[in-house]
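Undergrad: Before I ask anything, here is the structure I am working with.
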Amino acid sequence: MAEVLFYHLTESRLEEALPDLLERSLARGWRVVVQCVSEERRDALDHHLWTFRDDSFLPHGTDGQAAPEHQPILITTSADEAANKPDVRFMVEGATPGDLSAYVRAIYMFDGHDSEQTDHARSRWRTEQAAGHQLTYWQQSEDRKWVKKR
């Protein structure tokens, strides 16, 4: 079973929080897939990860580009995409994955100011709990640090 984490964004946007978590995953030697709900969102994240900080970038590609199997981070809209043999799967803004049992870790990131995303996260919590995964809930504090709540 996978370790499933829920990250409740309350103080920052996805674009501000996601790169740090991706860097941490790569530092552990993990390969990552990021699942988005639309091609537009996938493409926006693709662009953002090249430019999010002046002194760094995150090596990545999208499922719409050549050789996705070689990407340390693969951004996709597919619920089952795993061409890069990822250890970790991120689901952002309401993306619904396929089976998570093959992953070391699965991470739902959702905007606490968006009721649809919050409702979706609650639903996924129940689904993942019923599947027997180990669940953890994290929420941002006012200083944008992650605080384990459950």
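Undergrad: Can you tell me what share of the DSSP beta bridges in the chain is antiparallel? A percent to the nearest 5 is fine.
TA: Bridges in the chain that DSSP calls antiparallel: roughly 10 percent.
Undergrad: Right, something else. Test of understanding: extend the Cα→C-beta vector of Ser56 to 7 Å, then name every residue of the range 1-45 with backbone N under 19 Å from that spot.
TA: 12-34, 45
Undergrad: Kindly provide the helix-only [θ] at 222 nm of the chain, computed as the sum of -39,500 (n - 2.57) over DSSP H runs of four or more divided by all residues, to the nearest 500 deg cm²/dmol?
TA: Calculated from helices alone, the mean residue ellipticity at 222 nm is -9500 deg cm²/dmol.
Undergrad: What FRET efficiency would be calculated for the residue pair Ser101, Val147, taking the C-beta separation as r and a Förster radius of 35 Å, to the nearest 0.05?
TA: 0.80
Undergrad: When the C-alpha atoms of the chain are aligned to their principal axes, what extent does each axis show, in angstrom, from largest down?
TA: On the principal axes, the chain reaches 38, 33, 29 Å in Cα extent.
Undergrad: Still on this structure, I have one more. Carbon-plus-sulfur fraction of the accessible area of the chain, 1.4 Å probe, in percent?
TA: Exposed carbon and sulfur together represent 45 percent of the surface.
Undergrad: Please compute the length gained on full extension between Leu26 and Thr118, using 0.36 nm multiplied by the number of residues separating them and subtracting their Cα-Cα distance.
TA: 30.4 nm
Undergrad: For Glu3 and Ala83, FRET efficiency with R0 = 25 Å and r from the beta-carbon atoms, rounded to 0.05?
TA: 0.65
Undergrad: Taking the Cα centre of the range 1-98 as origin, sum charge times position over the Cβ atoms of Lys and Arg (+1) and Asp and Glu (-1), and report the length of that vector in debye to the nearest 20.
TA: 280 debye
Undergrad: Over the chain, average the accessible area per residue using a 1.4 Å probe and give it in Å², no decimals.
TA: Here the residues of the chain average 51 Å² of exposed surface.
Undergrad: Treating only the Cβ atoms of Lys and Arg (+1) and Asp and Glu (-1) as charged, compute the dipole magnitude of the range 1-41 about its Cα centre; round to the nearest 20 debye.
TA: Using Cβ point charges on Lys, Arg, Asp and Glu, the range 1-41 gives about 220 debye.
The values are calculated or read from the model by the stated rules, or taken from the named source; none is laboratory data. Note that the structure is predicted; figures quoted are calculated from it, not measured. Cβ coordinates were reconstructed from backbone atoms using ideal geometry, including for glycine residues, and neighbour counts include every protein chain displayed. The protein model used for the area step is the full one, side chains on, heavy atoms only, and it has no ligands, DNA or RNA in it. Shrake-Rupley method; radii C 1.70, N 1.55, O 1.52, S 1.80 Å.
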